[in-house]
Amino acid sequence: MDKQFDSFGRLDNRNRHHVSSAVAVRDIQNASSDRYLPFGNGRSYGDSCHNNKGVLADMRGQNNIISFDRKTGLLTAEPGVFLHEIIDYCAPSGWFLPVTPGTRFVTLGGAVANDVHGKNHHVRGTFGSHVEALTLVRSDGVHRLTPDDLTGLFQATIGGMGLTGMIARVTLRMMKVSSLDVTEKLTPFQTLDEYFAQAEQADADNEYAVAWLDQLSGERGILMTANHADNGNFDTGSHTAKLKVPFNLPFNALNHLSLKAFNTAFYLAKKRKSGQVLTSNYQGFFYPLDAVENWNRLYGPRGLFQHQSAIPADRAIDTIRLMLYASQRAGQASFLTVLKRFGAIKSPGLLSFPQPGYTLTLDFPNRGEKTLALLAELDRLTVQAGGRVNPYKDARMSAETFAASFPNWERLEAHRDPKIMSDFWRRTAQKLPKNGIANNSNDLIQPSETPSV
Ligand SMILES: Cc1cc2nc3c(=O)[nH]c(=O)nc-3n(C[C@H](O)[C@H](O)[C@H](O)COP(=O)(O)OP(=O)(O)OC[C@H]3O[C@@H](n4cnc5c(N)ncnc54)[C@H](O)[C@@H]3O)c2cc1C
């Protein structure tokens, strides 16, 4: 795999300095303020994994699995190990990741630092809920942390976006499963009301549940639910993508026509299989996008924005409908639209993204000001509903939107290593007044002050 330092949205292709993590760890005490940021594999979409005024510490060189107890499922590994390497190592003895994001090309350190979530948030919470211990290297020394840590540093590091120090080792409790394969059921729906009527029960009945929306055809979509199969298949398969986008396209290949064709074909193919119980390979179910290497290049040289919001349940249906309507009205339907219910399991993380309710994820090609105006409108709707915008998918939210999304951001600032900084933190938290003045979200965002489409 090529070493690259872009983030997934490819919005900022400037060269930036980087060093191996070994160099950064050796030098962090003597470094100037804001010098470093740990870098995983750049699967964050925006600038939370960048530090253009400083140096990225490439953690991928620290990639050893230290120990794995096949009886208890306790895995200890270095942060640069990829999730697919963990699967390869643990699956033969019947263990799988307790929580997995929609790509397996993510490092263990990156998964902890963003406290990622998966399709089973309702039963397992976030990745950080399964972390039993961490070793953190900071400019003030090496810290061994566990969830009962009274200093708050463990909690700040889970979902702390790399700002509290460099995670050097993680102990994770894996999940025992009956197979890597899943038995999957596909349920088409025509309206959001139909989806919301069944989402809670779908969660109650299944380990995994997620919905895909065909945004170009109104509100129709497919609810996909699954549980691990009983067939004992632990073949992890190849991690090489069958298809790839071989070079950076000079144009955005995802226009209205290609979007419409793709979404309609996907909907009809899934609908045809509805009502059956399918046995699906784990890669196809958890990581469908990994099947095409560098698919983000389809968005052309200007890259893509992802907008992910979490909306409290009582405001979800109205707000999500307004958000879909706003993007249709702006003539910018999302290529890939995903809707999921978040459960109530509280993460140990201080700035963890999920909150009980629903989460909507939208992908947009970067069309400049027009797209930025739409994204600001989506932020406004999110905040107005008491929700939050995901920082590790973001490349442009205002400091005020960030503060309204995470009113406790100052507690992370208090734990930030002064030698560490990210472009995201510089752009948001560093612009906010301190000592609680920014903590009242109602004072910050007035609907009329935000540009609307
Ligand atoms: C196709 C696709 C699907 C996705 N699906 C999901 C999903 O379902 N759910 C979800 O939650 N996310 C999802 N994501 C986002 C992705 O899982 C997260 O952004 C993930 O954290 C990226 O990990 P990374 O190893 O690439 O780290 P990077 O993106 O390089 O870095 C992530 C953060 O971790 C910090 N960091 C990295 N290594 C360390 C370390 N050793 N010590 C301290 N800090 C460190 C960085 O400073 C940065 O702030 C998806 C992304 C893609 C591209």
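Among the strands (runs of 3 or more DSSP E) lying completely within segment 287-390, list those that include at least 2 residues that are in contact with a Lys or Arg (Cβ under 6 Å, 6 or more places away or on another chain).
On the way: elements: 304-311, 337-342, 357-365.
By residue number, 304-311, 357-365.
May I ask you to say which residue of 206, 227, 252, 248 is surrounded by fewer than 17 Cβ atoms within 10 Å (Cβ to Cβ) and either polar (S, T, N, Q) or free of Cβ contacts under 8 Å to residues at least 40 places away in the same chain (or both)?
248
I need the full set of residues from segment 337-392 which are aliphatic (A, V, I, L, M), surrounded by fewer than 20 Cβ atoms within 10 Å (Cβ to Cβ) and more than 27 Å from residue 216 (Cβ to Cβ), in order please.
344, 345
When residue 111 is evaluated against the numbered criteria (1) in contact with a His (Cβ under 9 Å, 6 or more places away or on another chain); (2) within 13 Å of the ligand (Cβ to nearest atom), which criterion, by number, is the only one it fails?
All conditions pass for residue 111, except number (1).
Return the residues of segment 192-210 that are under 25 Å from residue 96 (Cα atoms) and acidic (Asp, Glu); say none if nothing qualifies.
Within segment 192-210, 200, 203, 205, 207 meet the criteria.
Look at residue 426 and say whether it is surrounded by fewer than 23 Cβ atoms within 10 Å (Cβ to Cβ), assigned to a helix (DSSP H, G or I) and within 15 Å of the ligand (Cβ to nearest atom). Give the derivation first.
Details: surrounded by fewer than 23 Cβ atoms within 10 Å (Cβ to Cβ): yes; assigned to a helix (DSSP H, G or I): yes; within 15 Å of the ligand (Cβ to nearest atom): yes.
Judged against the criteria, residue 426 is a match.
State whether one or more residues within segment 55-78 are in contact with a strand residue (DSSP E or B) (Cβ under 9 Å, 6 or more places away or on another chain), farther than 30 Å from residue 389 by Cα, near the ligand (Cβ under 9 Å from one of its atoms) and at pLDDT 95 or above.
Looking through segment 55-78, at least one residue is in contact with a strand residue (DSSP E or B) (Cβ under 9 Å, 6 or more places away or on another chain), farther than 30 Å from residue 389 by Cα, near the ligand (Cβ under 9 Å from one of its atoms) and at pLDDT 95 or above.
Quickly run through segment 129-160 and pick out the residues that are touching a residue at least 40 places away in the same chain (Cβ under 8 Å), buried (at least 24 other Cβ atoms within 10 Å of the Cβ) and within 11 Å of the ligand (Cβ to nearest atom).
157, 158, 159, 160, listed by residue number.
Determine which single condition residue 328 fails, assuming it passes every other condition in (1) surrounded by fewer than 16 Cβ atoms within 10 Å (Cβ to Cβ); (2) farther than 30 Å from residue 385 by Cα.
(2)
Mind listing just one residue for me: the one in segment 279-310 that is at pLDDT 95 or above and away from the ligand (no atom under 16 Å from the Cβ) and, of those, farthest from residue 241 (Cα to Cα)?
Selected residue: 279.
Report the residue count in segment 85-104 for those that are surrounded by fewer than 20 Cβ atoms within 10 Å (Cβ to Cβ) and within 13 Å of the ligand (Cβ to nearest atom). Quick ask: steps written out before the conclusion?
To start, the set of residues in segment 85-104 that are surrounded by fewer than 20 Cβ atoms within 10 Å (Cβ to Cβ) comprises 85, 88-89, 92-94, 102-103.
Add one more test, that the residue is within 13 Å of the ligand (Cβ to nearest atom), and what stays is 85, 102-103.
The number of residues fulfilling the criteria is 3.
Conditions: (1) under 30 Å from residue 165 (Cβ atoms); (2) at pLDDT below 95. Residue 328 meets all but one. Number of the miss?
For residue 328, the exception is condition (1).
The values are calculated or read from the model by the stated rules, or taken from the named source; none is laboratory data. Predicted model only: the values in this text are computed from it and were never measured. Note: ideal-geometry Cβ built from the backbone for every residue, glycine included; neighbour counts use all protein chains shown.
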